[in-house]
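Down below is the structure, laid out as structure tokens.
The values are calculated or read from the model by the stated rules, or taken from the named source; none is laboratory data. Only a predicted model underlies this, so the values are computations on that prediction, with no experimental measurement involved. Glycine also receives a Cβ, built like all others from the backbone with ideal geometry; neighbour counts cover every protein chain displayed.
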């Protein structure tokens, strides 16, 4: 389910970046940064649709979301920026923070589910399966 949310947030960030770029007169390529973040999230979301790649792709996606959120904060404080740029940056921050929060919640739920499944089967969830 989380891979679908990743694809959704990727599409929203892609649209935000394009709107910010064209809304500011298509002069600054840096306005496309949210679009780049969105493109990476889209790729991660599609990769995560495959069960064998899910964990890796989702960890990359949450890292991209976190970098996006942290990276946009200092740019919000610049004075004299166009309203469209400020709006795009604000939307990017909100989307990235919400996405990271949803990912963290999903990771916690997945870990609890793994621990519950291990407890039912009598395995030690703290034991690494590769340590034989």
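Summary table below
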quantity: Segment 61-81, residues that are over 18 Å from residue 98 (Cβ atoms) and touching a helix residue (DSSP H, G or I) at 6+ places or on another chain (Cβ under 7 Å); calculated: 75
quantity: Residue check for residue 41: touching a helix residue (DSSP H, G or I) at 6+ places or on another chain (Cβ under 9 Å), crowded, with 17+ Cβ neighbours inside 10 Å and farther than 20 Å from residue 15 by Cα; calculated: no
quantity: Of residues in segment 56-79 being more than 15 Å from the chain's Cα centre (by Cα) and closer than 29 Å to residue 46 by Cβ, the one modelled with the highest pLDDT; calculated: 73
quantity: Within segment 80-109, tally of residues that are in a helix (DSSP H, G or I), modelled with pLDDT under 85 and either touching a strand residue (DSSP E or B) at 6+ places or on another chain (Cβ under 9 Å) or surrounded by 10 or more Cβ atoms within 10 Å (Cβ to Cβ) (or both); calculated: 2
